[in-house]
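To keep things clear, I will list the structure first and then write my remarks on it.
The values are calculated or read from the model by the stated rules, or taken from the named source; none is laboratory data. On a predicted model such as this, the values are computed, not experimentally measured, just so you know. Ideal geometry is used to build each Cβ from the backbone, glycine not excepted, and the neighbour counts take in all protein chains shown.
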Amino acid sequence: MEGQRRKKTLLQWAAIAAAVGWFSLLLLLPLAVLVRQSFAGGLKPVFAALVTPEARHAFLLTVIITVVSVLVNTLLGLPVAFVLARYRTRLRVLMDGLVNLPLAVSPIVAGLMFLLLFGREGWFGSLLEGAGIKIVFALPGMILATIFVSLPFVVREVVPVLEEAGFDNEEAAWTLGAGWWPTFWRVTLPQMRWGLIYGMTLTTARAMGEFGAVMVVSGNIIRKTQTVTLHINQALADFDYQGSYSAALVLAVVSFVILITVQSLYQKKKGKVK
């Protein structure tokens, strides 16, 4: 009995060591190298690389695209998640597949699809161009591409939470005379709050880090249609390693801080509930 317990303990420690080693190899080591390379010349070159007009415009554009993408995917994702979780219709399989489509399609292919739709020779390109509306190689196309690639996260995080919570509380609220909005605000939203927050967090991280789809539809015009990821790629192409390392470090740190903050708040809230 003692031998089995000791063997089990060794296996547990071996599994933990393997997990930590794999995590360190894939995440911590690359991040450490990025930090080292960014600050190899001190703090001043990092600051100088981040305050250039190209870098500042790229960060501003990334913030705009990210905020719009998160808002749109949240507002449109909630009804879709509600339908998938609450109603067993024949169209559910089709809707489920469409939600997962951006995860299966390469971002480059997604960008090409928007180019074929809204480009000058695309299906709607000439019509939009005649109306003075520019989609491709402009901010609207970049937003549409980012919305597409980050679409699944809110839905995928909210649906399991709604399914686990069930429908009883909402039915009880309706029975007591509550309308759809009070029911949603006081019953449904609190039930799915953390799933929604996680979905928005993942959408934010995905939108900030998008490269392929945005690269295709933006034209990568410096100080016009260049996001942070495109700026990093451009800096590498121009052998501006300090600029690319600095921007990449900021992007990585921001994403990491957002994810850790949300996880910490969730664990704190969970501890209070217990």
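Every condition in (1) in contact with a Ser or Thr (Cβ under 9 Å, 6 or more places away or on another chain); (2) under 15 Å from residue 79 (Cα atoms) holds for residue 242 except the one numbered (2).
For residue 236, the conditions (1) touching a helix residue (DSSP H, G or I) at 6+ places or on another chain (Cβ under 8 Å); (2) of a type outside the set (Lys, Arg); (3) free of Cβ contacts under 8 Å to residues at least 60 places away in the same chain; (4) closer than 20 Å to residue 154 by Cβ all hold with the exception of (4).
Give the residues of segment 123-152 that are free of Cβ contacts under 8 Å to residues at least 12 places away in the same chain, surrounded by 15 or more Cβ atoms within 10 Å (Cβ to Cβ) and within 14 Å of residue 217 (Cβ to Cβ), sorted by residue number.
Applying the first criterion (free of Cβ contacts under 8 Å to residues at least 12 places away in the same chain) to segment 123-152 yields 123-134, 140.
If we keep only those that are surrounded by 15 or more Cβ atoms within 10 Å (Cβ to Cβ) as well, we get 125, 128-129, 134, 140.
125, 128, 134, 140 - these are the residues of segment 123-152 that are free of Cβ contacts under 8 Å to residues at least 12 places away in the same chain, surrounded by 15 or more Cβ atoms within 10 Å (Cβ to Cβ) and within 14 Å of residue 217 (Cβ to Cβ).
Applying the condition of being modelled with pLDDT under 80 and in a helix (DSSP H, G or I) to segment 89-108 and asking which residue is surrounded by the most Cβ atoms within 10 Å (Cβ to Cβ) yields 92. For residue 259, the criteria (1) farther than 18 Å from residue 202 by Cα; (2) of a type outside the set (Asp, Glu); (3) in contact (Cβ under 8 Å) with a residue 24 or more places away in the chain hold in every case but one, which is (1). For segment 132-186, give me each residue that is closer than 25 Å to residue 96 by Cβ, out of contact with any Pro (no Cβ under 8 Å at 6 or more places or on another chain) and assigned to a loop (DSSP other than H, G, I, E, B). Residues satisfying the conditions are 166, 167. Looking across 137, 82, one residue alone is closer than 30 Å to residue 193 by Cβ and hydrophobic (A, V, I, L, M, F, W, C). It is 82. Considering each of 86, 120, 92 in turn, give the residue that is farther than 26 Å from residue 209 by Cα, touching a residue at least 40 places away in the same chain (Cβ under 8 Å) and assigned by TED's automatic domain parsing to the domain that holds residue 211. Answer to the selection: 86. Selection of segment 211-251 for residues being of a type in the set (Phe, Trp, Tyr) and surrounded by fewer than 23 Cβ atoms within 10 Å (Cβ to Cβ) yields 211, 239, 241. Taking the criterion of being modelled with pLDDT of 80 or more, among the basic types (Lys, Arg) and surrounded by 10 or more Cβ atoms within 10 Å (Cβ to Cβ), the only residue of segment 1-47 that qualifies is 36. Please enumerate the residues belonging to segment 31-52 that are within 25 Å of the chain's Cα centre (by Cα) and over 19 Å from residue 228 (Cα atoms). 32, 33, listed by residue number.
When segment 189-206 is filtered for residues that are closer than 13 Å to residue 160 by Cα, touching a helix residue (DSSP H, G or I) at 6+ places or on another chain (Cβ under 6 Å) and of a type outside the set (Phe, Trp, Tyr), the ones remaining, listed by number, are 191, 192, 195, 196, 199.
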